[in-house]
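**Student:** To start, I am sharing the structure in question, which I have written as structure tokens.
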Amino acid sequence: MGQTMLATDSIYGALAECFVIIDGNRYNFMQLTNFESKYEPNIVEVSILGQVNKGHKPAGGKGTWSGTMHYNQSIMRKIMLDYQNKGVMTPFDIMVTNEDKGSTIGRQTIIHKKCLLDSIILAKFDAGEEVLEEDVSGTFESFEMPEQFTLPVGME
């Protein structure tokens, strides 16, 4: 039987940290209850003379992010207010670190650069809800990975 992954090397999702950097100010964005980002390369088809099948080539890409957060801050609404009033949307960075000290793989940090909001809820209430939440999403222009997980035991 081959090597298997250690169960402790699965990452417990609630132990992440998230910070948002706007105009040089760093905010602990503990309001987020889930977050996901992805980078999608744009793969184009390439016609090749003398070949039946088309080839493929990456040509650009895009980054998107989404999440759910507690409805208890005005920082993101202020970005939209400034956009409405001044015509300029302030880009911001989102830094996410995953670290589960019970694992052997350490931590990973991704910094999403020049993020923009797709939309934001301005006002909300629901008398039947225990707590108010809101979905947020947007784009980013690039990303950095200053910290990387080490390879799980047995993967080498």
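**Student:** Name the residues in region 56-113 that are buried (at least 18 other Cβ atoms within 10 Å of the Cβ), in a strand (DSSP E or B) and among the polar types (S, T, N, Q), would you?
**Tutor:** Answer for region 56-113, where residues must be buried (at least 18 other Cβ atoms within 10 Å of the Cβ), in a strand (DSSP E or B) and among the polar types (S, T, N, Q): just Asn98.
**Student:** Here is a follow-up. Can you name the number of the only condition in (1) in contact with a Gly (Cβ under 6 Å, 6 or more places away or on another chain); (2) under 15 Å from Leu116 (Cα atoms); (3) not small (Gly, Ala, Ser) that Met80 fails?
**Tutor:** It is condition (1) that Met80 fails.
**Student:** Within region 26-44, can one find any residue that is among the acidic types (Asp, Glu) and surrounded by 13 or more Cβ atoms within 10 Å (Cβ to Cβ)?
**Tutor:** No, there is no match, as no residue in region 26-44 is among the acidic types (Asp, Glu) and surrounded by 13 or more Cβ atoms within 10 Å (Cβ to Cβ).
**Student:** Here's another thing I want to ask about it. Which condition breaks for Lys101 when tested against (1) of a type in the set (Lys, Arg); (2) more than 21 Å from Gly24 (Cβ to Cβ); (3) touching a strand residue (DSSP E or B) at 6+ places or on another chain (Cβ under 6 Å)?
**Tutor:** Looking at each condition in turn, Lys101 falls short on (3).
**Student:** Would it be correct to say that Ile21 is at pLDDT 95 or above and not aromatic (Phe, Trp, Tyr)?
**Tutor:** When the stated conditions are applied, Ile21 passes them.
**Student:** Let me ask something else. Given the conditions (1) modelled with pLDDT of 95 or more; (2) touching a strand residue (DSSP E or B) at 6+ places or on another chain (Cβ under 9 Å), report the number of the one that Ile120 does not fulfil.
**Tutor:** Among (1) modelled with pLDDT of 95 or more; (2) touching a strand residue (DSSP E or B) at 6+ places or on another chain (Cβ under 9 Å), Ile120 violates only (1).
**Student:** How many residues does region 124-146 contain that are in contact (Cβ under 8 Å) with a residue 40 or more places away in the chain, among the hydrophobic types (A, V, I, L, M, F, W, C) and either assigned to a loop (DSSP other than H, G, I, E, B) or more than 23 Å from Gly60 (Cβ to Cβ) (or both)?
**Tutor:** Looking only at that region, the number is 3.
**Student:** Which one of the conditions (1) within 12 Å of the chain's Cα centre (by Cα); (2) outside any strand (DSSP E or B) does Ile121 fail to meet, given that it meets all the rest?
**Tutor:** (1)
The values are calculated or read from the model by the stated rules, or taken from the named source; none is laboratory data. Fair warning: this is a prediction, and the values are worked out from it, not measured in the lab. All Cβ positions, glycine included, derive from the backbone under ideal geometry; neighbour counts span all protein chains shown.
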